Each structure stands twice: as structure tokens, then as C-alpha cells.
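The values are calculated or read from the model by the stated rules, or taken from the named source; none is laboratory data. Quick caveat, the model's predicted, so the values are computed rather than measured. Backbone-built Cβ (ideal geometry, glycine too); neighbour counts: all protein chains shown.
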Amino acid sequence: MTIPSGAATKPDMDLVFEGFDTTNEPDDDTPQQTNSLSYLDGSGGGDDDDAAEQLPDMQNDELIKEVLTKGVDLRLYSQQIEQELSQLEDEQLTNYEQHETALLELDSEIRGCDEVLANMEKLLVNFKSSLGAINNDIQALQSDSLSMSMRLKNRVVAEKQLDKIIQGVVVPPEAVRTICDGEVNEKYLECLIEVNKRIAYMRVHSKQHRKLKAFQEIQPELDRLCLRASSKIREFLLDKINDLRSLNTNAHVLQTSVFLKYRFFNHFLIERHPEAAVEVRDTYIHIMRQYYLDHFEAYQRGLMKLERPVADKSDVVGMEESTTKLSLFGSAKPVIRDKTNVFNLGSRAAVLDPSDPRAIVLSIAGESNERYPFETLFRSYNLALSDNATTEYDFIMQFFVSPKARQKITGSDMTRMVFSHIFEPSIRVGEQFVKAYLETTYDALGILLCVRIIAQLAGELQRRLVPVLDSYVNSMNMLLWPRFQAILDSHIESAKRLSSSYRSKSKLDTQPPAIVRRYAELAASLLRLNIGHNTHVVALSLARLRTEVQGYLSHAADSSSDKHASLVFLINSYDLLLTVLYENGFGEREEEVASWKQELSTTVLEYAESELENHFGYLKQFVVDAEQQSDIGQIGADGLSRVAGIFNGEWRAQIAAINSSIIQSFSNFRTGTEILHAVLGQLIIYYTRFHSLYDKRFARRSGGAGPSGPGGVCQPVGVQNVMVEIKKYRNNF
């Protein structure tokens, strides 16, 4: 309760003045107030002991100390104090009287508050007891909740386990009706997948839940359902496989659209009914075996009709330029050989281009009446074989091997076994196809092209991860390489026979013989096909053939009595060989080029010496003989003068004659230029050596060169003058 400012709180007057007499008159029964001085001087009715005990405390009082210090009369001061107290009492009473109403109201309010607080205390006590009861109820509810939660959790776990078991063993009635009586289609496949899941679940958990009555009851039903499904699937697959018997059927389309789409049917049979799966597999093998055999035989026969023969037994490097054969009526006529196709690779190497994966289509090729060399037919057959083998291998792996077995070695073995049974006859057709060709062919380039085609096929199959044609690749190599070696041996033997049967001619033809061009083209072609392979058989056979061709050329050159013609013959032959090799992109680092280059250089040097012997033999012989003299003084001055005089008189004409002879002998600009430079270079060497001998024999006169030397000896033409003249013939070719 708020008290107004300036007013004191008024207490209950009965409590305030209880036991207090407001009059100044003392009660008889009340002892008189003792004078305060009695405590100081020891008089009065106080107890001495008490006064003695109080005296030290009084002396510490500040007011007493002040009174005592000022020397105030204590009696007077006591009276003054009493008056002040009385005055204060009156003021206080007056103040109480002024605030009596407020104090009574305050007392009333305090009593009301006490009642309210008492009621609140009762309410709080009741509330506390209620809270205790509620707390007990909450604890009970918490306990019940934990118990219910545990029971719910256990119930959920049990429900999940039971639901899993129910889902694992219960087959929907609709699925059962479809499996038993429905048509085999996509819906049948979906139902079969569901049934297969139940069967797999039963098989996995049969031991764990064998005591469950549901397992015991459902197992016989699932077995019967499995047998029914196996029977219908077997009939469905056998019907579809029988559709492959017709040659007009595209097996690959049927494999993709039907068999791979329903491959789960066969996987189901493999796992649930192996006997039916074996029957389906054997039926497929039997039909597809004949299917591929018929197609590849027809394709092989069609290809053979498109073959363009390239070479026969007479097409060897050592054959004559033209041969004669008797016709049916006994007349003889020359047979022109297509040497370009026999010995020159030309555009035939395009068959190795991997950017064109297309095989020959018989219907299109038949309409165009185009013919092909055997390697093109061989490539087409092998492209068809590899593509069909790849497709069939992938199909067998997906259709006849279950997903579980596919991860194991047994899956690969099964695929190889099925593929081998299917493609064995077709592979034999390919082998017979090659054997028939090899029995009659003498085309070494065609066989080597087939070898390279087989190598490409092996690499492509390895890239596709199809290892089932490895034996076919090996058998092809075993057929092709021996025949290739035999044909090269026939070329070598032909060169040897040509050399041994060569007859000397009265006049040797300085132009390269036919064997040179044939050999050059054949060697360049074989080297091109050997790039990147470095096959030892090819290199060794070429070395043997090179030896025989070199022997033939040497024998032909040695058989001629005309040394000049022999050298021209050899140089033209070597030049033709090197030109063909250069045109095919081979450099001097190639063994074949280096060997013939060495032969050419040696022969050119010999030719240069021969030309000098014909035109400047006197100079050459004199220099050689003079240099053998131990004393330069023994060289005759007449000899020096004679040689100088002859040279001065005819050197220009002889150089022109050399140039003319080389122009007539060599049509190749590059080779003729090199030979002319070689001859004239040798001339400069001999003439420089002659000048050196001349200078050593005679000292030059200070007057320089003149018409005659010392002592009447003829002065030779200067070397520089000869060199200036030689430069005029630099660009004659």
C-alpha cells in the first residue's frame, strides 16, 4: 500500500501505545527515572557495579565526550534532554494522530492480504499435490510408451520378415494363369521373371525356413509351375529356331528381334530345366550350321565367278619377252602378258585400306560384269566371315550362356563349343576356297596381299574380343606362306635358267632386258607389302632373287666382246632398277636400293675409265707409266711433248665425242649427267696429274705459257681452260 509523501505510516494505535502512558506523571508502581548524573557521580538508586561497567562505554560516546569537554552542567543538560524528548514525543503523537486513518486502512489491507495469501497457500498446496499426481501419471505414460514403442518395433521387424517371406513365396494368381494357359509373349516373360524370383528365393532360403508350413506347401506347386513354363518355353523357342531353316530368312534380324529379346526364356531353361535347354541348343546348332554353310557356299561360288586371273605358270621374272602357244587348230600366235598386274602392285594395295569395310555384293557385281583379282575376293569372303562370326559369337554369349556362367571360364568354353559346331563347315569352305586358288595361281603379290589381309583380320578380331577364329587365321597362314615361297622359288629358278640358257649375241642390246623391269617391279611391290611387317621370308627371298638377277646381268655383259656396250647395258639395267625403287618411295637406307646403288657406282666408275681409255688413252697410259718411275728425271721430254701436243690438238673434240656417246647410250637425264660428270671428272684428275708431272720435269718460264715449252717442249693447255670447257656440258642432259 502506497503512503503519501510527507506522512508517516500510521500503525495500529492500540499496538503503538500499548504499555505506554501518554501522561507525564509517573505511575506509583513504576520506578522513578534515575537522573543521568547518578551514573556519573555514583549517587542515585543505580547499582554501583552497573554504573562502573557502563562508565567506559559512556566515555566512548561522542555526545558525552563533547559534554565533558565543554564542562557543561550535567543536571541542566539532563533537563534539556528530557524537554527535547518530551517535545519529540508530542510531535510524534501528533504525527500518529494525523495518520491514524491511513494506518487503520493499511492494517485492514494487510489483514486482507493475509487472508488472500492464506487462500493462495491452500491453492498452491493443492496444486502441488495435483502436480505430484500428474507427474506420477506422466511417468506411468512414459513407461507405457516405451513398452508400446518396443512392441511396435518388434512388430514392424516381424512384419517385414513375414512380408519378405510372403513376397518370396506367394505367386500372384494372374501370373499362375498366364504361365499355365497364356500365350508366350512379353507379358508371359514378365510373369516368368516373377515366378523365377520365387523359385530362386525358395532355393536360397529352403534350409533356413524349412519348418515353415508355407514353404512346405508352396514347393510342389512351384515345381509343377516350373515344368509347365519349361514346356511352353521349349515349344516357343523350337518354333522360332525352325524359322531359320529358310535361306530367305535373315538370321541376324531374327536373333535381334526375337531371340535376344526373349533370351531370359533360354536362361530359365538352363537353370531350371537343363535337358530342355540342351535340346534347344542342339537344334539351334544343327539349323544354323546348315544355314551358314549354305550361305557361305553360295557366296564362295559367286565370288569365284568374279575372279580375274592375274598370272599363270609362265609369268615369272625369267620368262622371255613373248612366248608362243599353239592354238586349238595348231597355229601359233604371240601371247601378250599383262606385266603390270603380274609384277607391279599398283592400285592392288588399295585392298588393304581399312577405311572401306564393305564386302562385294554378288547381285551388284553381277550386274556390272566387273572382275576382281583374287585378293579382293579373298578379302570380301573374310569380311563376311569375320562379321558373321562376330555377330554369332556375341549372340551365343548372350543367349546360350547364363549371366552367372558368363563371369566364369565355363561360359567362354561353352561359347567356343557352340560356335565351333556352327562355323566348322563354313570355315572349311573358306579353306577350300583358298586351296583351290593356290593350286593354280602363280601370283606372288596376290598371295602376299592375302597374308596381309589375314593379319588385318586377326587384329580386328582381337580388337573385337572374338577369339574363336584363331585356328582359321593360323590355317590360312599355313596355306599361304608355303605357296608364296614356292612362287618366289619359281621366279628365282626362272632367273637361273635364263642365265644358264643365255646365248652370246653378235651385238649386245644396251637397253635393259625384260627381266630387269619385272624384277624391279616385283621387288618394289614386295618391299611395299613388307613395310611394317619386316617378314624374314620376304627379305630372304628377295636377296636370293637379287643374286640371280645380278648373275644374269653379269653373265650377259661378260658374254659380249664389246666392253663399252656391256658397261652401258649394265648401267641402264641398274638405273632402271633404281628408278623403279625410287618411284616407289624407297631410299638408300633400304638394303635393296643400297645393293644396286653400289653396283651402279662401281659400273659407272668402270665406264668412266673405259671412256677415257677410248678418247684419252694416251694420256691415261702415259700418266700411269710415268708415276711408276722412281726418278722424275727419267721421264722423257719427248713423251711429255708428244702427249701435250696430242691433247692440245684434240681435247675439245674428244670431250664433245664423249658427250655425244653418253647422250646416245643413256636416255635417262639424271643418269647421263652423273656419268658425264664422272668421265670428265676422271679426265680432270688424269690431266691434273699430267700437269704435275710436267711441272716437276720442267721449270716454268717467267713468260708464262706459250706455244712451246723449255727446250722446244710443247706447253700443255692449262687445267683451268679445260675445266671452263667442261662446264659447257653441264646442262646438256
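Quick grid of which residues meet (1) hydroxyl-bearing (Ser, Thr, Tyr); (2) under 22 Å from Glu183 (Cβ atoms); (3) in contact (Cβ under 8 Å) with a residue 24 or more places away in the chain:
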residue: Leu238; (1), (2), (3): no, yes, yes
residue: Arg245; (1), (2), (3): no, no, yes
residue: Asn250; (1), (2), (3): no, no, no
residue: Leu254; (1), (2), (3): no, yes, no
residue: Phe259; (1), (2), (3): no, yes, yes
residue: Leu269; (1), (2), (3): no, yes, yes
residue: His273; (1), (2), (3): no, yes, yes
residue: Val280; (1), (2), (3): no, yes, yes
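Among residues of region 401-416 that are in the same structural domain as Val466 (by TED's automatic domain parsing), those with a beta-carbon under 7 Å from a residue that is at pLDDT 85 or above and polar (S, T, N, Q) at least six positions away or on a different chain give the pairs Val401/Thr415. Residues in region 515-534 that are more than 18 Å from Tyr574 (Cα to Cα) and in contact with a helix residue (DSSP H, G or I) (Cβ under 8 Å, 6 or more places away or on another chain): Leu526, Arg528, Leu529, Asn530, His533. Restricting attention to region 601-616, which residues are touching a residue at least 24 places away in the same chain (Cβ under 8 Å), surrounded by fewer than 20 Cβ atoms within 10 Å (Cβ to Cβ) and under 18 Å from Pro512 (Cβ atoms)? Scanning region 601-616 gives a single hit, Glu606.
Conditions tested, residue by residue: (1) closer than 26 Å to His533 by Cβ; (2) part of a loop (DSSP other than H, G, I, E, B); (3) more than 29 Å from the chain's Cα centre (by Cα); (4) among the small types (Gly, Ala, Ser).
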| residue | (1), (2), (3), (4) |
| --- | --- |
| Met397 | no, no, no, no |
| Val401 | no, yes, no, no |
| Ser420 | no, no, yes, yes |
| Pro425 | no, no, yes, no |
| Lys435 | yes, no, yes, no |
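With respect to the conditions (1) of a type outside the set (Gly, Ala, Ser); (2) under 22 Å from Val342 (Cβ atoms); (3) at pLDDT 90 or above, Pro513 lacks only one, and its number is (3).
Selection of region 72-90 for residues being surrounded by 11 or more Cβ atoms within 10 Å (Cβ to Cβ), aliphatic (A, V, I, L, M) and modelled with pLDDT under 85 yields Val72, Leu74.
Could you tell me whether Thr510 is in a loop (DSSP other than H, G, I, E, B) and either over 24 Å from Thr603 (Cβ atoms) or among the polar types (S, T, N, Q) (or both)? Taking the combined requirement at face value, the residue satisfies it.
Annotation: Ser506 fulfils all but one of (1) modelled with pLDDT of 90 or more; (2) more than 26 Å from Trp596 (Cβ to Cβ); the unmet one is (1). Going through (1) under 37 Å from the mean Cα position of the chain (by Cα); (2) within 25 Å of Asn196 (Cβ to Cβ); (3) surrounded by 13 or more Cβ atoms within 10 Å (Cβ to Cβ) one by one, Ile233 falls short only on (1).
Could you list, in sequence order, the residues of region 483-507 that are closer than 19 Å to Ser525 by Cα and without any contact (Cβ under 8 Å) to a residue 60 or more places away in the chain? The answer is Arg483, Phe484, Gln485, Ala486, Ile487, Leu488, Asp489, Ile492.
Yes or no: Lys207 over 25 Å from Phe264 (Cα atoms), surrounded by fewer than 17 Cβ atoms within 10 Å (Cβ to Cβ), over 44 Å from the mean Cα position of the chain (by Cα) and at pLDDT below 80? Considered against the rule, which asks whether it is over 25 Å from Phe264 (Cα atoms), surrounded by fewer than 17 Cβ atoms within 10 Å (Cβ to Cβ), over 44 Å from the mean Cα position of the chain (by Cα) and at pLDDT below 80, Lys207 comes out as yes. If the condition is being of a type in the set (Ser, Thr, Tyr) and under 20 Å from Asp394 (Cα atoms), then region 261-301 contributes Tyr262, Thr283, Tyr284, Tyr291, Tyr292.
The combined condition, being farther than 18 Å from Val516 by Cα, part of a helix (DSSP H, G or I) and not hydroxyl-bearing (Ser, Thr, Tyr), is not fulfilled by Glu588. For Val593, the criteria (1) outside the structural domain of Gly681 (by TED's automatic domain parsing); (2) touching a residue at least 60 places away in the same chain (Cβ under 8 Å); (3) not aromatic (Phe, Trp, Tyr) hold in every case but one, which is (2). For region 443-466, a residue qualifies if it is of a type outside the set (D, E, K, R) and without any contact (Cβ under 8 Å) to a residue 12 or more places away in the chain, and the qualifying residues are Gly459, Gln462, Leu465. Residues in region 312-364 that are assigned to a helix (DSSP H, G or I) and among the hydroxyl-bearing types (Ser, Thr, Tyr) were compared, and the one that is modelled with the lowest pLDDT is Thr340. Restricting attention to region 650-684, which residues are more than 23 Å from Val580 (Cβ to Cβ) and hydroxyl-bearing (Ser, Thr, Tyr)? Selection gives Ser660, Ser661. Counting only residues that are buried (at least 20 other Cβ atoms within 10 Å of the Cβ) and under 30 Å from Gln511 (Cα atoms), region 621-664 holds 4 of them.
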